[in-house]
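The values are calculated or read from the model by the stated rules, or taken from the named source; none is laboratory data. Not measured: the values here are computed from a predicted model. Positions of Cβ are generated from backbone atoms using ideal geometry, with glycine treated the same way; all protein chains shown enter the neighbour counts. Heavy atoms of the whole protein, side chains included, go into the accessibility calculation; ligands, DNA and RNA do not. Shrake-Rupley method; radii C 1.70, N 1.55, O 1.52, S 1.80 Å.
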Amino acid sequence: MSFSNLGLSVGLASAMARQFASPTPVQAAAIPPAIAGRDVLVCAQTGSGKTAAFALAVLQRWFGQQGPGGRQPQTLILVPTRELAVQVGGVLSNLAREAAIGVKVSVVFGGVSINPQMMALRGGTDIVVATTGRLLDLVERNAVHLDQIRCLVLDEADRMLDLGFAEELDRIDALLPRQHQSLLFSATFGPAVRSLAHTRLQDPQTITVDADVQAPPDIRQRAIRVDASRRTQLLRHLVTSEAWPRALVFVATKYAAEMVADKLRRAGLEAEPFHAQLSQGKRSQVLADFKASVVQVVVATDVAARGVDIAGLPVVVNYDLPRAAPDYVHRIGRTARAGQTGMAVSFVSADTAAHFALIEKRNGLSVVQEEVPGFEPAQVLPAISADRAAGGIKGQRPSKKDKLRAAGLLQSLR
Ligand code: AMP
């Protein structure tokens, strides 16, 4: 399969072919029906190439049926977070530039002053990428109208519903023309997403890429047994002794993000906190510095667990374990993106050992537990049972069943 077989213009197909060898399974399955104008429902994780999938479809549709220079947007892409809005806007703008398509893409999100966004919309626009609350504010102020929308993309729909945006989605839906195309992307298909799809999509082409054909990301998972009180020291030790070029470290609270980053900084590392209470400007700056390797360690709450795409991120650390088992998958999926390898390290202490066992069980996997010399836990950790031997007893080889389970988890990451 090549990009030129998907029904894309020569410009778009070659823009992709210059960057990638071939379409991902999600791109191969979703682009043709989307270009044909059908509603599409896609079950896809971040990292599957879904952003380019809808970006290509949207640009191709726009290219093929530009209105009479109307200045109200014809395409609306709704996303759950500001970071994802910026990322999606970037993918669209890059592709449009590479393919020499003169489309105007506007990205709007909350947490920053509304005035520059109103100014930017003043001359009209073609494609709007938005978070829901800010979009509604802009509509109320007459900065944008949604009655010309022909194509709606809901990206990470499950995340939008988790964050409580259902009512805002309804309000936006009421502003759209009755007839429009909808493309819905979601990593999971719980009842809420199914009901959203049922009410919003008409005879959709449903795409769930067979796990077997998705390239499993190559993530080496480690669990390190350590006393809770020594985690920061251990983290510093690992960053230095294992020469981690960059690491994304997950903690449970904003306070912990500030505190751990501060301690690392005082120990001479370039570390920054990342959480929802920071200003949008600061968050963007931290991500930009991290991508540019100016910052070596970002200590983040789960606000960074999904959507954020940091190319070439080699290490993710669960300093605090995630509360819910699926979040483990989302967090470690920040590494090993786009075919690269990565490492996910979880700190396990006496009071979190049982929770880690539960995360493993829910995700059907067994992670080898290790101790780092000089950081052996003084507090007694529960014994590792023999039936978790694949991960539990040092040096013992994983059974076939354990390997299958772990492969299942990794497949589900893409
Ligand atoms: P997603 O979060 O699903 O949009 O995936 C994003 C990652 O997939 C980015 O790092 C892209 O550069 C990468 N990507 C997109 N399309 C392809 C492709 N056809 N082949 C390989 N990687 C791709």
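For a quick protection proxy, order the peptides 83-91, 169-177 by their average other-Cβ count within 10 Å, most packed first.
Ranked by mean Cβ neighbours within 10 Å, highest first: 83-91, 169-177.
How much of Ile207 can a 1.4 Å solvent probe reach, expressed as accessible area in Å² and rounded to 10?
Roll a 1.4 Å probe over it and Ile207 shows about 10 Å².
Considering only protein heavy atoms, what per residue accessible area in square angstrom results for the chain with a 1.4 angstrom probe?
Each residue of the chain exposes 44 Å² on average to a 1.4 Å probe.
Simple spin-label model, 7 Å along Cα-to-Cβ: Ala267 to Ser4 in nm?
Going by the 7 Å Cα→Cβ label model, 5.4 nm.
Provide, for the chain, the number of lysine pairs with alpha carbons under 15 Å apart, each pair being eight or more places apart or on different chains.
5
Considering only DSSP beta bridges with both partners in the chain, what is the antiparallel share in %, to the nearest 5? Don't skip to the answer; put the middle values down first.
Values: 0 of 50 bridges.
That works out to approximately 0 percent antiparallel.
Where in region 136-158 does the amide nitrogen come within less than 14 Å of the point 7 Å from the Cα of Arg122, taken along Cα to Cβ?
Inside the label zone: 143-144.
Using the basic label-point model (7 angstrom from Cα toward the beta carbon), what is the Ala21 to Asp170 distance in nanometres?
That separation, rounded to one decimal, is 4.8 nm.
For the chain, what number results from the quotient of the Cα radius of gyration and 2.2 N^0.38 Å?
On the way: Rg = 22.4 Å, N = 414, 2.2 N^0.38 = 21.7 Å.
My calculation over the Cα atoms of the chain gives 1.03.
Which loop trypsin sites (Lys or Arg not before Pro) in region 173-259, with loop taken from DSSP, have no more than 13 other Cβ atoms within 10 angstrom of their Cβ?
Listed in order of number, the matching sites are Arg178.
In percent, what relative contact order does region 3-209 have, based on Cα pairs under 8 Å that are 6 or more apart in sequence?
That works out to 29 percent.
In nm, to one decimal, how far is the Val294 label point from the Glu98 one, both placed 7 Å along Cα→Cβ?
2.6
Tell me, what % of the accessible area of the chain is carbon and sulfur with a 1.4 angstrom probe?
52
Going 7 Å from the Cα of Asp351 toward and past its Cβ, which residues in region 238-256 have a backbone nitrogen under 15 Å from where you end up?
Answer for region 238-256: 252-253, 256.
Give me the number: length gained by fully extending Ala378 to Asn142, i.e. 0.36 nm times residue separation minus the C-alpha to C-alpha distance, one decimal in nm.
78.7 nm
Once the whole set of protein chains is in place, how much accessible area is left on Glu370, using a 1.4 Å probe, in Å² to the nearest 10?
Using a 1.4 Å probe on the heavy atoms, I get roughly 40 Å².
Hey, if we sort Met343, Met118 by accessible area with the 1.4 Å probe, largest down, what's the order?
Met118, Met343
Between Met259 and Ser284, what length comes free when the chain is fully extended (0.36 nm per residue of separation minus the Cα-Cα distance, one decimal in nm)?
7.0 nm
At 0.36 nm per residue, minus the direct Cα-Cα distance, what do Ala36 and Arg362 gain on full extension? Give it in nm, one decimal, please.
The span from Ala36 to Arg362 would gain 113.4 nm if fully extended.
Show me 18-25, 316-323 ranked by packing, highest mean number of other Cβ atoms within 10 Å first.
Values: 18-25: 16.0, 316-323: 21.5.
Highest to lowest by the protection proxy: 316-323, 18-25.
As a test of the formula, what do you get for the chain when each DSSP H run with n ≥ 4 contributes -39,500 (n - 2.57) and the sum is divided by the residue count, at 222 nm and rounded to the nearest 500 deg cm²/dmol?
-12000 deg cm²/dmol
Under unit Cβ charges (Lys, Arg +1; Asp, Glu -1), what dipole magnitude, rounded to 20 debye, does region 3-209 have relative to its Cα centre?
Once rounded to the nearest 20, the dipole reads 500 debye.
Restricting to Cα pairs below 8 Å that are 6+ residues apart, what does the relative contact order work out to for the chain? Please round to a whole percent. Before the final figure, lay out each step's value.
Details: 776 pairs, mean separation 69.0, N = 414.
Relative contact order of the chain: 17 percent.
Compute, for Phe165, the solvent-accessible surface of its heavy atoms (probe 1.4 Å) with the complete set of protein chains present, and express it in square angstrom to the nearest 10.
50
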